[in-house]
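Colleague: Following this message is one structure expressed as structure tokens.
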Amino acid sequence: MTAAPALGASAYALTDRSRPLLVLGPSLGTGVTALWQDVVPLLAGDLDVVGWDLPGHGSAPAPDAADLAGLTVADLARSVLDVVDRAQAERGDEGAPFWYAGVSVGGAVGLQLLLDAPERLRGAALICTAASFGEPGPWLERARLVEAAGTPTQVVGSTQRWFGPGFVEREPEVVLRLLAGLQTADRIGYGAVCRALATYDLRSRLSATPVPVLTIAGEHDVPAPPAALEEIARGVGAVRTEVLGGVAHLAPAEAPVRVAELVRELVTVGAVR
């Protein structure tokens, strides 16, 4: 890497340093606002909330391919700390530990932060994620396809992976909101994140941590099944594990009330540890 990945950042309620800072991370193909927008109003009264976007997703600018050559999840984690540093400079609490919640690759970034910079975290909610997302081959194949033909090639497959049984019919507006973000995501940024996931594997580094960790799995999640979250929970000594019935891969969009309750509980319990 010769340059930091270009991440976007959205400050939902960055107003009061007396409130805990919660940093939200997205899933591949989603913008953080679209993914978390039904959860944030349930939390914003008590938390300052900042979200970050993957390169070329959501609020993040379309990247130059050269800037993303060799991108890793560890690179994304370091860039997230840059986003946090800017938010904390605005809040006036530079360097203070913060709360983190991320989905899929956003959860992988949270696990990377937990292992590389635990002193920066007050606690982490790792959602619909894994310590490894399988063999490199399928990720590299997807990267090549998207880089050549664009993210609309992923709409059918993502619809099948992202949502639990019946969700598309029950919540078509949420589905369209998320798929619209997928279709407009930059092909270079999407491909680079696929390549980062191809090399991502933290299984050998899992170890007990004093940082409070919550894991949330979706009952029907194929990319990050409940067993993947159980592996993380055992490895780091999570304070709580939860499997959400009827949910697949995008828990904050599929079950916003329950996700908000669990994250709020983590912050409340973790604050007195």
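The values are calculated or read from the model by the stated rules, or taken from the named source; none is laboratory data. Bear in mind the structure is a predicted one, so any value in this text is a computation, not a measurement. Using ideal geometry, Cβ is built from the backbone for each residue, glycine included, and neighbour counts are taken over all protein chains shown. Note: areas computed on protein heavy atoms with side chains; ligands, DNA, RNA excluded. Shrake-Rupley method; radii C 1.70, N 1.55, O 1.52, S 1.80 Å.
Colleague: Please express the Cα-Cα pair-distance distribution P(r) of the range 44-139 as a list of whole percents, one per 5 Å bin, running from 0 to the bin with the greatest distance.
Modeller: 3, 11, 20, 25, 20, 13, 5, 2, 1
Colleague: Same structure, new question: If I ignore ligands, DNA and RNA and count only protein heavy atoms, how much of His220 is accessible to a 1.4 Å probe, in Å² to the nearest 10?
Modeller: Its accessible surface works out to 80 Å², give or take rounding.
Colleague: Given springs between every Cα pair under 10 Å in a Gaussian network model of the chain, which of Thr30, Thr151, Thr209 has the largest fluctuation?
Modeller: Ranking Thr30, Thr151, Thr209 by mean-square fluctuation puts Thr209 first.
Colleague: Now for a different question. Just to be sure I understand: with springs between alpha-carbon atoms less than 10 Å apart, which residue in Ser132, Ser204, Ser158 has the highest mean-square fluctuation in the Gaussian network model of the chain?
Modeller: Ser204
Colleague: Rolling a 1.4 angstrom probe over the protein heavy atoms, how many square angstrom per residue are accessible across the chain? Please list the in-between numbers first.
Modeller: Numbers: 10620 Å² over 273 residues.
Normalised by residue count, the accessible surface of the chain is 39 Å².
Colleague: Further question on the same structure: What fraction of the Cα pairs in the range 77-204, stated in percent, has a spacing above 16 angstrom?
Modeller: Everything past 16 Å amounts to 70 percent.
Colleague: If you take every residue apart from Ala4 with its C-beta less than 15 Å away from the C-beta of Ala4, what net charge results, scoring Lys and Arg +1 and Asp and Glu -1?
Modeller: It works out to a net charge of -4.
Colleague: Share of the range 48-155's accessible area from carbon and sulfur, percent, 1.4 Å? Before the final figure, lay out each step's value.
Modeller: Values: 1910 of 3580 Å².
Percent of accessible area from carbon and sulfur atoms in the range 48-155: 54.
Colleague: Okay, moving on. Can you give me the Cα centroid spacing of the range 195-229 and the range 76-94 in angstrom?
Modeller: 24 Å
Colleague: Students often get this wrong, so try it: which of [x] 18.2; [y] 20.3; [z] 19.4 is Kirkwood radius over Cα pairs in Å as calculated from the structure shown?
Modeller: [x]
Colleague: Antiparallel DSSP bridges in the range 119-273: what percent, to the nearest 5?
Modeller: Taking every DSSP beta bridge with both residues in the range 119-273, the antiparallel ones total about 10 percent.
Colleague: Rank Val213, Val174, Val103 by mean-square fluctuation in a GNM of the chain with C-alpha springs under 10 angstrom and give only the top-ranked residue.
Modeller: Val174
Colleague: Which Rg and Dmax, in Å, describe the Cα atoms of the range 117-273?
Modeller: According to the Cα coordinates of the range 117-273, Rg and Dmax are 16.6, 50 Å.
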